[in-house]
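The values are calculated or read from the model by the stated rules, or taken from the named source; none is laboratory data. These numbers were taken from a predicted model, which means no experiment stands behind them. Here Cβ is always computed from backbone atoms with ideal geometry, including for glycine, and neighbour counts include all displayed protein chains. Protein only, heavy atoms only, side chains kept; ligands, DNA and RNA dropped before computing areas. Shrake-Rupley method; radii C 1.70, N 1.55, O 1.52, S 1.80 Å.
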Amino acid sequence: CFYGSKVKSIASGVFNWAEGVTDFSYLFYGSPLQTMGAGLFANSPLVTSFWSAWKNCSSLTALPANLFAYTPLAMNFQSVFAVCSKISSVAADTFASCTQATDFQQAFEKCTSLTAIPQGFFSVCTEVTNFKSVFNGASKIATIPDDLFQYNTKVTSFESSFNGCSSLGNFDLVIGSQRVSIATSFCPKKTGATRTVTVPASSTTATTFNGVASGCGLTIIEASE
């Protein structure tokens, strides 16, 4: 819709007509968008995809309130906010209504101003299967909340999730999924960092993460039955 346009500001009511829209992929891709009104998709309850909707929006500095509050069917968040290099923080409730989300591949990739991830950021997104390259290259993130992936019990890929996060130091992380098959390049090794990943007991996830432990400096712990 606004792919590659020169639009810098979008008011709240711009999509009031969009009751039946199901796909907002590439919506603002590559535009110089700076600000968006609150509740932008309040009248679009049928949307299932935001794939690359804000990718390469390098002038965007913040996400408005209730951006996804009215899109409960949204599943595809691939590359959402990727290469949005001026976003420095995100609200804990950003995806609080997105219970059907399945894919966050490359979401927030190369968000080089983002410094922190809130506790419970993906806690309601229990259908997610793919976190490949999420936060990849977000070079200012220094810590990870322990419950970031605790409730995402269907995830199969964490490949390169924090690869390129050069500031990432100590963390304790709980992985809720027993289905993880790919975790290569999970995060960069950092000398002196203490990192613990707790995985479900008797799951293939433990083996998968142990396979990258030497490169990432992780200590893997299987949870008790």
(Q) From the Cα trace of the stretch 141-213, what convex hull volume per residue do you get, rounded to a whole Å³? (A) 75
Q: Taking only protein heavy atoms into account and a 1.4 Å probe, give the accessible area per residue of the chain in Å².
A: 41
Q | Two-site label geometry, Ser89 and Leu73: point separation in nm, points 7 Å out along Cα→Cβ | A | 3.5
Q. What is the spread of the Cα atoms of the stretch 71-133 along each of their three principal axes, largest first, in whole Å?
A. 28, 20, 18
Q.
For a test of understanding, tell me how many lysine pairs in the chain have Cα atoms under 24 Å apart, given they are 8 or more places apart or on different chains.
A. 23
Q. In percent, what relative contact order does the chain have, based on Cα pairs under 8 Å that are 6 or more apart in sequence?
A. 11
**Q.** Mean ellipticity per residue at 222 nm, deg cm²/dmol - from DSSP H runs of n ≥ 4 across the chain, formula -39500 (n - 2.57)
**A.** -1000 deg cm²/dmol
Q) Given the C-alpha centroids of the stretch 1-17 and the stretch 100-178, what is the distance between them in whole angstrom? A) 29
Q.
With every protein chain left in place and a probe of 1.4 Å, what is the accessible surface of Glu159, to the nearest 10 Å²?
A. 50
Q: Take every Cα pair under 8 Å in the stretch 59-165 that's 6+ residues apart, average their separations, divide by the length, and report that relative contact order as a whole percent.
A: 25
(Q) Using +1 at the C-beta of Lys and Arg and -1 at the C-beta of Asp and Glu, which of Pro118, Val128, Thr204 has the Cα lying farthest in the positive direction of the dipole of the stretch 100-225? (A) Pro118
Q) Top mean-square fluctuation among Lys55, Lys140, Lys110, Gaussian network model of the chain, C-alpha springs under 10 Å? A) Lys140
Q | Shape metrics for the chain, restricted to C-alpha atoms - Rg then Dmax, Å | A | 17.5, 55
Q: Choose one answer from Asn152, Asn16, Asn66: the residue with the largest mean-square fluctuation in a GNM of the chain with alpha-carbon springs under 10 Å.
A: Asn16
Q. Per-residue accessible area for Val7 at 1.4 Å probe radius, Å² rounded to 10?
A. 30
Q. Rounded to the nearest 0.05, what FRET efficiency do Asn16 and Ser214 have when you use their Cβ-Cβ distance and R0 = 41 Å?
A. 0.15
Q: Could you calculate the FRET efficiency of Gln119 with Leu46 from 1/(1 + (r/R0)^6), where r is the beta carbon distance between them and R0 is 30 Å, rounded to 0.05?
A: 0.50
Q: Could you go through the stretch 30-43 in sequence order and give the Karplus-derived ³J(HN,Hα) for each residue, using 6.51 cos²θ - 1.76 cosθ + 1.60 with θ = phi - 60°, rounded to whole Hz, and x for Gly and Pro?
A: x, 8, x, 3, 10, 9, 9, x, 5, x, 4, 10, 4, 10
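Report the extension gain between Thr99 and Thr207 in nm, rounded to one decimal, defined as 0.36 nm multiplied by the number of residues separating them, less their alpha carbon distance. Provide the component values of the computation, followed by the final result.
Numbers: separation 108, 0.36 × 108 = 38.88 nm, distance 2.87 nm.
Roughly 36.0 nm would be gained on extension.
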